[in-house]
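Only the coordinates and a few stated rules stand behind these numbers; no lab work does. Given the structure is predicted, the values throughout are model-derived calculations rather than measurements. A quick note on method: Cβ atoms are made from the backbone with ideal geometry, for glycine too, and the neighbour counts reach across all protein chains shown.
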Amino acid sequence: MTKLYHWLYKYKIYHLPFWCIYHYLWWSLSSNPFEAVYNIFYSPYTIKFLFYVVLQAVGVYFNLYFLIPRFLEKGRYIPYVTSVAATIFVTATLIIGGYYVTAWWNQLPFEELFDRPAWDFMFFFKFNSLPSTAASMTLAMSIKLTKNWIESKQRAQILEKEKLETELKFLKGQFNPHFLFNTINSIFVLIHKNPDRASESLAKFSNLMRYQLYDCNAQQIPLQQELSYLENFIELEELRQEATFDLDVQIDEDGYSQLMIAPFLLMPFVENAFKHVSQSQERKNWIKIRVRTQDSELFFSIKNSVTAFPKNHKEIVTYGGLGLKNVQRRLALLYPDQYQLIIDQRATFFEVTLRLTLTSEKVSVPIL
């Protein structure tokens, strides 16, 4: 029974009874329930009924799964309204063909079947197919938007429920004492060797602290600010570790001025790479970081060499004290259906690839 239910739900077979019942009720409005049943199953009008069911279903799903994600959810309201109106018009027009196919299939005069001349196309369009199509489109869209609203409310409740616990973990893992003390010590040593560089490093360290204490409290921050924080962190890590590895960083400088992101979303991956990069004396050690944007899409990848078959094999997937599951959980809560995270762990390297859909407006979500 469970398998049957899963199959019906997976392939949305349960939609078929819904559409049949909907059109049955619509037909009942112009006659009576018993006459409607007879016309659907035992009269020549069955073909016309199928045209309504199939074509309106196609129009509705085109709106739900193409037009809404492509236009409405991205705030492109004028193209969306225009596209919906065109979809309703085209669907209602194609449905009229069902009247003529019905007459042809049953080899009966059109006027005898529908009590109207065959040339009176606009009558059936204006009083039958157009209102029915508009009603089905509105009903389906209302159900879809209501479902999305309920899911959004449920997700907000989950976020609120988990907020305190996650924030405590996050605050505990904000500062890595090892990084903190070693960076201060490295700057202290640098003061005597290169005062100018020490001053610059201290400024970066100050910006890093300010970001962690104050800036990251916002729900959404400019992507440029997050990337500047990463660059400061990378430069200080280079200073702290005294360049024991090759670092290749490529951050696209264009295209993200208006994009917003939840703070500290990329940081755990970068911190993990520096934490677990190999320290081999026999072969090359390296870290490669790539960041670019295309429209509202952020593409982030980070790859680092690791010691072959490390003893701390399980530790590699621990990100900034939060753990891989918590990082994935945060992405799932903040960016549902808007990200793709790929973790590739091999014997000699570890790679993270993240594709994330961002927005140019501040989204009201709790910060984790």
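Quick notes on this structure:
- Taken one residue at a time, the phi angles of the range 136-152 give Karplus couplings (6.51, -1.76, 1.60, θ = phi - 60°) of 5, 5, 5, 4, 5, 5, 5, 5, 4, 5, 5, 4, 4, 5, 4, 4, 5 Hz. Gly and Pro are set to x.
- Between the range 79-117 and the range 246-289, the Cα center-to-center distance that results, in Å: 59 Å
- Legend: distances between Cα atoms for Lys147/Lys303; Lys193/Lys275; Lys153/Lys303; pairs beyond 30 Å are Lys147/Lys303; Lys153/Lys303.
- Rough spin-label spacing in nm, given labels placed 7 Å along Cα→Cβ, for Trp119 and Glu73: 4.9 nm
- Between Gln338 and Val54, the distance separating the two model label sites (each 7 Å from Cα on the Cα→Cβ line) works out to 3.9 nm.
- Gain on full stretching of the segment that runs from Glu111 to Ala135 - 0.36 nm per residue minus C-alpha separation: 6.0 nm
- Taking label points 7 Å from Cα along the Cα-to-Cβ direction, Asp254 and Ser360 give a separation of 1.6 nm.
- Cβ-Cβ distance of Ala347 and Ile184, R₀ of 45 Å, FRET efficiency by 1/(1 + (r/R0)^6): the value works out to about 0.80.
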